[in-house]
Amino acid sequence: MLRFFVVVWFLFSSANAEEVKLRISQLHPTQAVISHDQVANKIAKYKRDDKAFQKDLSEEPFKTAVLGPEGRYYLTDGHHTFSAMVEFSPRGDEQQVTVEITADKSSLSETDFWQWLKDTHQTWLHDSNGQPISHKAIPETVGRNRLDDDPVRGAMYFLRGHYLEKPENPIPFLEFYWANYLRQHTALSTPPETRTALNDARWYAALGNFIAEIPSQTPIGPNGESAKVMGQLEIPQYSQPVIDISGYSKNETTWPAIVEIPAGSRQKWQINKHQTDMLEWEMEGDSPQPRYIDYLGYPANYGAIPGTLSDKKSGGDGDPLDVLILGEALPRGIEIPVRIIGRMTMLDNNERDNKFIAVVPEQPPFGHISSVTQLKTEFPGVTDIFRTWFTNYKGKGNRATQLEVDDQVP
C-alpha cells in the first residue's frame, strides 16, 4: 500500500513539475554519501567525449529537486552527475543546470520537511557503512570533497547491466539496499586494500559472482523485495559480463581494453558481434562446438579495444582492434585501462590482423614498459614467443605470415 502511494504521488507531482535553472551550489543534497568511483567514471567520460558534458546538461527528463523550508532547493536525483560536473566544469559550483521541481514544501518546518522526504522515500539517511544518521549530518552541497564515499554502492553501479539490471519501476536507492545486504552477508563487501584498476576488477567480479549465486527469492529490499525484484540477472551459459572500469585510469595515454581470453587459456572467446557488451564462446564445426586453440595456451591476455575497427576496406578483418596484454592472467570480461607499447603486424587468411601489445600500468613486471624496444631490452625473447605462437596456433595448414613486432602505437 505504501509503494502504491509513492507511485501515485510521483505521477501527480511529475504532471505538475516545473523546470528551473539553478546553480549547482543552490542544490542541497538529500544524502550524505555517493560512489566516488562512479563520479570518477563520469568525469573520465566527459574527458573522452567532448559532447558528453553538454548532453548531460540538456538531457531530458531533467534531474529532480523539491522546494523546501526557507526557499531552499533539495536535490532528489542527480547527486553523482552534478558532483562530476562540479569537478569538470570550469564554473565549478556556479555551473548552471536545469532541474524539475516536483513539489513545493516550503511551508513545512524543517522537521516536518525531512519527515516528508523520509515518508516519500526521497532521502537516504545512512552513512558510508549503512548506519543511520540525522539529516543534519548531510553536507550543504554536492561533490566528492563533501559527500562521503560508499565503494560498495559504487560496485553495484559497475555491475549494472551485467549481474544487475535496473527494474522498470525500481524502488528508490536500490543500489544502496544491495550494498547494505552485501555488507551484512559477505566479507567480499570490503574493497581491496590497494585500489588499483586490476584489483577493483577482480573485486567486482567476485561480488558479481556472489550476487549471481544468491537464491532469487532472497529478501534484499526494505520491505522484503527479492533479489530478482531488485534486479538480479541470470548469466547466460556461455557469456560473462564486461565490467567497465575505464574511468579509473589517471593516465590520459591509456586505452580501455576488454579481456576476451585470459593468459594461459585455450578457450576461444570473443565479443558478440551483435551484442557488444557481452562475450561468447566461439563455436565451430558442422555441429557447432565450443572452440579450443589446438596449441599451447595464449602467451598473453588477448582482447579488443572497444569502439575501434580494423577496416575491411583497408585490408582489415572488420573486427575491433586486437590487443595482447602482458602479465598474469586477467579475469575474462573485464575492461581495464592499458598502455599500448607497440604492435605485431601479421597476415591471417590474407587479411591484415594486427595485434597491439599493451601493459597494465603499475602492474609488475611489465607495468613500467613504454615501448617494444624497451621490452626487448629488459625481457629478451618475449616478442619471439609471440611470433612463434601466432605462426603455429592454427596448425600447419593455416599459418599466419609476415609477423613483425615494432614500436608503432595507435
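The values are calculated or read from the model by the stated rules, or taken from the named source; none is laboratory data. These figures come from a predicted structure and were not determined experimentally. Don't worry about glycine lacking a Cβ; one is built from the backbone with ideal geometry, like all the others, and counts go over all protein chains shown. To get the accessible areas, we keep the full protein, side chains included, count just its heavy atoms, and leave off ligands, DNA and RNA. Shrake-Rupley method; radii C 1.70, N 1.55, O 1.52, S 1.80 Å.
A few notes on this one:
- Complete set of residues in the stretch 54-99 that are within 19 Å of F173 (Cα to Cα) and among the hydroxyl-bearing types (S, T, Y): T64, Y74, T76, T81, S83
- Among the residues listed as Q275, Q240, the single one being farther than 28 Å from G367 by Cα and modelled with pLDDT under 70: Q275
- Elements of the type strands (runs of 3 or more DSSP E) sitting completely within the stretch 58-177 and holding at least 3 residues that are within 17 Å of H28 (Cα to Cα), β-branched (V, I, T) and more than 25 Å from the chain's Cα centre (by Cα): these cover 96-104.
- Residues (open to solvent by less than 20 Å² (accessible area, probe 1.4 Å), modelled with pLDDT of 95 or more and among the hydroxyl-bearing types (S, T, Y)) located in the stretch 14-51: T30, S35
- Close pairs from the stretch 351-363: first open to solvent by 10 Å² or more (accessible area, probe 1.4 Å), partner outside any loop (DSSP other than H, G, I, E, B) and hydroxyl-bearing (S, T, Y), Cβ under 6 Å, at least 6 apart: N354/T345
- Residue in the stretch 130-161 that is surrounded by the fewest Cβ atoms within 10 Å (Cβ to Cβ), counting only those that are under 23 Å from P222 (Cβ atoms) and aliphatic (A, V, I, L, M): A137
- Scanning the stretch 182-200 for residues that are assigned to a helix (DSSP H, G or I) and in contact with a helix residue (DSSP H, G or I) (Cβ under 9 Å, 6 or more places away or on another chain) returns L182, R183, H185, L188, S189, A197, D200.
- Qualifying residue in the stretch 122-129 (condition: open to solvent by 30 Å² or more (accessible area, probe 1.4 Å) and at positive phi): no
- Taken together, the residues in the stretch 162-201 that are at pLDDT 90 or above, open to solvent by 20 Å² or more (accessible area, probe 1.4 Å) and closer than 27 Å to Q363 by Cα amount to 6.
- Residue identified as surrounded by fewer than 15 Cβ atoms within 10 Å (Cβ to Cβ), free of Cβ contacts under 8 Å to residues at least 60 places away in the same chain, touching a Ser or Thr at 6+ places or on another chain (Cβ under 7 Å) and of a type outside the set (S, T, N, Q) among P219, P215: P219
- In the set (1) within 17 Å of A65 (Cα to Cα); (2) touching a residue at least 12 places away in the same chain (Cβ under 8 Å), the condition left unmet by D119 is number (2).
- Positions within the stretch 364-410 being modelled with pLDDT under 85, closer than 21 Å to D294 by Cβ and surrounded by 16 or more Cβ atoms within 10 Å (Cβ to Cβ), in sequence order: A400, L403
- Condition check for K105: of a type in the set (K, R), modelled with pLDDT of 95 or more and touching a helix residue (DSSP H, G or I) at 6+ places or on another chain (Cβ under 6 Å): yes
- Tally, over the stretch 222-235, of residues that are assigned to a strand (DSSP E or B) and either touching a residue at least 12 places away in the same chain (Cβ under 8 Å) or within 22 Å of I258 (Cα to Cα) (or both): 1
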